[in-house]
Amino acid sequence: MWHWTDGEIGDKTQYVKVDLQSGQVAEAERLTSVLEDTPRDDPDSGISVQDIGEHDIEGIRANGVRTTTIHLHGTDKPEISVREVWTSAPMRLVLKVVDTSPGGEMTVSGLEHISLSPDTALFRPPVERILRHWKDGGVYAKPDLECLTTWMVR
C-alpha cells in the first residue's frame, strides 16, 4: 500500500510504502468491492423484479435487472416507476442505471475512463517522490502508520 502526503504539513516530495499481509489485502478487497444483492419480488408491496439478461455497454458485458414498483397514493391511478441496473461482475461495478417514472427518464452512466486492464503506472507513486520507511516518518504520521501495520483482519 502506498501513501503520499499532502496538505498543509505534508511533504510533497516523499511517499511511504506500507506492506500489508495477503489476508489484509484480501479483506480490504472484499469490503470495498461488494455489489448489492439483487432485489427480490415482493408482490404484496407492489415490487416486481426481472432479470433482463446480458448486454454490451460501451464494449463491456453487463447483466441487467429491472425492478418495477407500483406506488399507490390513494388515488384512482397508481404510479409506476422502473429501475434498470446494469452491472459487470468481473469489474464489480454498476455500469449503468436507468430510472423511469411518470416524470420522465434519467440515465446515469460514465464509462469513458474505465478499463479491465488499467495502466500499472496509475498505481505507482509519482516519480518525483522519495521513498521513506514508515518508521522514519514524521511525528504526525507515525501513529497512523503504526496502526496500519498492526491492523487485524477478522
Does Arg124 fit the bill of being modelled with pLDDT of 70 or more, charged (D, E, K, R), surrounded by 10 or more Cβ atoms within 10 Å (Cβ to Cβ) and within 26 Å of Arg30 (Cα to Cα)? yes
For region 79-107, enumerate the residues that are touching a residue at least 12 places away in the same chain (Cβ under 8 Å) and in a loop (DSSP other than H, G, I, E, B). Ala89, Pro90, Met91, Arg92, Pro102
Would you say Ala89 is at pLDDT 90 or above, within 18 Å of the chain's Cα centre (by Cα), of a type in the set (Gly, Ala, Ser) and under 22 Å from Glu29 (Cβ atoms)? no
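The values are calculated or read from the model by the stated rules, or taken from the named source; none is laboratory data. Only a predicted model underlies this, so the values are computations on that prediction, with no experimental measurement involved. Note that we place each Cβ from the backbone using ideal geometry, even for glycine, and neighbour counts take in every protein chain shown.
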